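What follows is one structure encoded as structure tokens, with my remarks underneath.
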Amino acid sequence: MKINIGRKSIQKYISFSLAIIIFSICVYSIPVYAAENGYSYLLMPTQITKINNTYFIVDCNHNQIIYSDNLGTELRYWKVMTRNVEKPHAITSDGEIYMVTDTDQNRILTFEKTYDGFKPLQTFENVGIRPHFTYYDYTNEIFYVWSSMTGEMFLYKRTPGTKSVTLLETKSIPELNNCYVRSFTILGDVILFPAVERSSILMVNKDTFEIINEYPVADNIAGMVQISVVDGYFFLTISTDRQYNLQASTVIRAKNLEDFSTGNYENLYHLFGNNGTPYYVSCFDGSYYMIHENAAPNVYRFHAKDGSICDIKGMF
């Protein structure tokens, strides 16, 4: 059977096909850029940090993480890394893989940076209860993720030659189960945990997670957030007292952990407005940065040298 196709039909077919090809080229050649933040303020931020040459703010109650190549950029013009999170608290990276705590969904998300933003890589569900803090340890090339209510540390290892991580193991500290712990601090071969309900700071072995020592603190400073080392001092941010009263918010420092037990510490709260809730502290670009919730500004930049806290500047 012979089928005849007219010249007009062929021309219409060719024209239609060319139109499809041109449309496809145009669509796939249009760059897609990350959305701008849009907010001119932060809502209960928890962390500010710098990874590679990019600055990040974990804007917790806006349910987003934002970033910028310039710390001086107005907040509304920062880009959105992700909004697929509920009350995120922290971000870390090995330089290529970016790990985020999706706190109120009990998840961990990973991303990679592309020319136009951040591409989601993996999602890990059921990471304890409300994972708050994450940290990449370059000494053993492990991502540490802390579940704030179950006393569990989730250790993730990158698969060589890929941009995937796998759960290596989960370490448990039974004494911290059902105890609110907002962060951890790795110092050499030990890890410090500020534990609210225990009114103490636990020091554990980094490898075995066995408790080495416990440093009691008074109930009025028990609502600890994070322990940082700043200019040779232990710098302790405090959100509440043991009863979760925000009026107890403060920031203190001491030469030794034992000093927090004896009351031999210095109160620095007045240097940072004498109000608000100090949270996570970071160090980059030769300065320290402290998140300050429930007040304006939400971020303080400062220097610490020879025992003095100086050059304090409120930001955002």
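Cβ separations smaller than 8 Å between residues 6+ apart or across chains give the following pairs from region 46-62 residues that are more than 14 Å from F133 (Cβ to Cβ) to residues that are among the aromatic types (F, W, Y) and in a loop (DSSP other than H, G, I, E, B): I57/W78; I57/F316; D59/Y39; H62/Y39. Take the conditions at positive phi, among the polar types (S, T, N, Q) and surrounded by 14 or more Cβ atoms within 10 Å (Cβ to Cβ) and apply them to N106. Does it pass? It is true that N106 is at positive phi, among the polar types (S, T, N, Q) and surrounded by 14 or more Cβ atoms within 10 Å (Cβ to Cβ).
Among the residues of region 259-279, write down those that are among the charged types (D, E, K, R) and open to solvent by less than 30 Å² (accessible area, probe 1.4 Å).
Just the residues of region 259-279 that are among the charged types (D, E, K, R), to begin with: 259, 266.
The one that is among the charged types (D, E, K, R) and open to solvent by less than 30 Å² (accessible area, probe 1.4 Å): D259.
Only one of these is over 26 Å from G314 (Cα atoms), open to solvent by 20 Å² or more (accessible area, probe 1.4 Å) and not β-branched (V, I, T): R130, R76. Name it. Working first, answer last.
Working: R76 fails: over 26 Å from G314 (Cα atoms).
Checking each option against the conditions leaves just R130.
Any residue that is among the hydroxyl-bearing types (S, T, Y) and in contact with a Lys or Arg (Cβ under 8 Å, 6 or more places away or on another chain) - is there at least one of those in region 170-185? Step through it out loud before you land on a result.
Of region 170-185, the ones among the hydroxyl-bearing types (S, T, Y) are 170, 172, 180, 183, 185.
Pick out the ones that are also in contact with a Lys or Arg (Cβ under 8 Å, 6 or more places away or on another chain) and you get none.
No, that holds for no residue.
So which residues in region 242-258 are crowded, with 20+ Cβ neighbours inside 10 Å and over 19 Å from M44 (Cα atoms), if there are any at all?
I252, R253
If only residues of region 280-316 that are at pLDDT below 95 and charged (D, E, K, R) are counted, the one that is surrounded by the most Cβ atoms within 10 Å (Cβ to Cβ) is E293. Residues in region 210-224: is at least one under 25 Å from the mean Cα position of the chain (by Cα), within 22 Å of I186 (Cβ to Cβ), of a type outside the set (D, E) and loosely packed, with under 15 Cβ neighbours inside 10 Å? Looking for residues that are under 25 Å from the mean Cα position of the chain (by Cα), within 22 Å of I186 (Cβ to Cβ), of a type outside the set (D, E) and loosely packed, with under 15 Cβ neighbours inside 10 Å, one finds none in region 210-224, hence no. Taken together, the criteria place D69 among residues that are modelled with pLDDT of 50 or more and over 15 Å from A90 (Cα atoms). Does K163 satisfy the criteria of being open to solvent by 50 Å² or more (accessible area, probe 1.4 Å), assigned to a loop (DSSP other than H, G, I, E, B), more than 19 Å from P194 (Cβ to Cβ) and in contact with a strand residue (DSSP E or B) (Cβ under 7 Å, 6 or more places away or on another chain)? In short, yes. Here is a check on your reading of the model: is Y156 among the aromatic types (F, W, Y) and either open to solvent by less than 60 Å² (accessible area, probe 1.4 Å) or modelled with pLDDT under 95 (or both)? When the stated conditions are applied, Y156 passes them. All of (1) touching a Pro at 6+ places or on another chain (Cβ under 9 Å); (2) within 23 Å of T46 (Cβ to Cβ) hold for S261 with one exception: (2). When Q243 is tested against (1) in a strand (DSSP E or B); (2) farther than 17 Å from N264 by Cα, just one condition goes unmet, and that condition is (1).
The values are calculated or read from the model by the stated rules, or taken from the named source; none is laboratory data. No experiment lies behind these values; they were computed from the predicted model shown. Note that we place each Cβ from the backbone using ideal geometry, even for glycine, and neighbour counts take in every protein chain shown. Each accessible area value is taken on the protein alone, full model and side chains, heavy atoms only, with ligands, DNA and RNA left out. Shrake-Rupley method; radii C 1.70, N 1.55, O 1.52, S 1.80 Å.
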